[in-house]
Amino acid sequence: MKNSVLLMIVFGFLFTACVENSEQDSLLVFVNPDDGIMNVNSEEIVSFRLISESENYINQVKISMNIDNKEIVNLLDSTPNRSAFFHNFDFKTPFCTESSQLKFRFEITDSHANIKTTVRILNVNPKEQALEESTGHVFYSYYSGRTDAFHIKNKEALIGALHDKKKLYIQDDTTFREDENTLSRKWVSPAGGRFLKFNQLDYANATYNDAKKVFDSGNPLEYVDNLSDGDIIIEKLDGIYYIIRLVQIIDNNGTNKDCYYFNIKQP
């Protein structure tokens, strides 16, 4: 008798499991491309096709995405209430200068509360940010009474005392010194930039990523000093990297004509 009861319990369990598996198997989900992980480029268009079928009604379809496992973005939340659902969408990967990962989650629920999910991961290769070079820039000694600072983004020389600090990307050192007739050969950034001198950088062929890698692996400071002709300086301000090449420093008697001539590469 005990054996019969035990067999009935086991049979009941197996039957229930089979029914549940059958219910799950009745909900089919396909996502193309079918590769779970794909390598793509920045600003590349990826086409997805979702196909879902069920013996029951499909109650809800959700598609979400997150970038580098951070904030979740909902791309679709649909209630089709039918046995088949098809959805095509094109996604353009965002512009990025660093590698990133996009994770897409497809979740389907049917009228019997069966849920199936599938994930597609896009590893996005960074895109090289183009640099524009401008040449022939100049600003003067702080004690010259002339333009002693420079706004890199606007490519504009400024008189520091007459402008908001946020505009002073570079300025000749303003600290007191006994010999005001000698150029400081030192730059500061009232706007909050940081400097790194790195003369090994190939200025002519340098890319934005080159500048970023060098700067991030170096020891940037709030100033750069002991400047001389040919120096290569990277400045970072507000998350942007600028490459500066000092062409010539003029340091004559007096301060009126003491100045820095330089070129800039910037995004």
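The values are calculated or read from the model by the stated rules, or taken from the named source; none is laboratory data. This one's a predicted model, so the numbers in the text were calculated from it and none came from an experiment. All Cβ positions, glycine included, derive from the backbone under ideal geometry; neighbour counts span all protein chains shown. Note: accessible area is taken over every heavy atom of the protein model, side chains too, but ligands, DNA and RNA are not part of it. Shrake-Rupley method; radii C 1.70, N 1.55, O 1.52, S 1.80 Å.
Contact list please: Cβ distance under 9 Å, first residue in the range 56-82 and without any contact (Cβ under 8 Å) to a residue 24 or more places away in the chain, second residue among the hydrophobic types (A, V, I, L, M, F, W, C) and open to solvent by 50 Å² or more (accessible area, probe 1.4 Å), pairs at least six apart or on different chains.
Final answer for the pair search is 73/67.
Hey, can you tell me all the residues within the range 127-180 that are in a helix (DSSP H, G or I) and either surrounded by fewer than 15 Cβ atoms within 10 Å (Cβ to Cβ) or free of Cβ contacts under 8 Å to residues at least 60 places away in the same chain (or both)?
Correct list: 142, 160, 161, 162, 165, 166, 167.
Mind checking which residues of the range 98-113 are open to solvent by 30 Å² or more (accessible area, probe 1.4 Å) and charged (D, E, K, R)?
98, 103, 105, 107
Condition test on residue 98, is it over 30 Å from residue 208 (Cβ atoms) and touching a residue at least 24 places away in the same chain (Cβ under 8 Å)?
For residue 98, the condition - over 30 Å from residue 208 (Cβ atoms) and touching a residue at least 24 places away in the same chain (Cβ under 8 Å) - is not met.
I need a count of the residues in the range 33-60 that are among the hydroxyl-bearing types (Ser, Thr, Tyr), within 20 Å of residue 103 (Cβ to Cβ), in a strand (DSSP E or B) and open to solvent by less than 40 Å² (accessible area, probe 1.4 Å).
Of the residues in that region, 1 qualify.
Could you look through the range 61-97, keep only residues that are farther than 30 Å from residue 241 by Cα and aliphatic (A, V, I, L, M), and pick out the one that is most open to solvent (accessible area, probe 1.4 Å)?
First, pick out the residues of the range 61-97 that are farther than 30 Å from residue 241 by Cα: 61-64, 74-90.
Narrowing further to those that are aliphatic (A, V, I, L, M): 61, 63, 75-76, 84.
Numbers: 61: 0, 63: 3, 75: 73, 76: 40, 84: 28 Å².
Filtering the range 61-97 for residues that are farther than 30 Å from residue 241 by Cα and aliphatic (A, V, I, L, M), the one most open to solvent (accessible area, probe 1.4 Å) comes out as 75.
Testing residue 254 on (1) in a loop (DSSP other than H, G, I, E, B); (2) modelled with pLDDT of 95 or more; (3) not acidic (Asp, Glu), one condition comes back false. Which one is that?
Among (1) in a loop (DSSP other than H, G, I, E, B); (2) modelled with pLDDT of 95 or more; (3) not acidic (Asp, Glu), residue 254 violates only (2).
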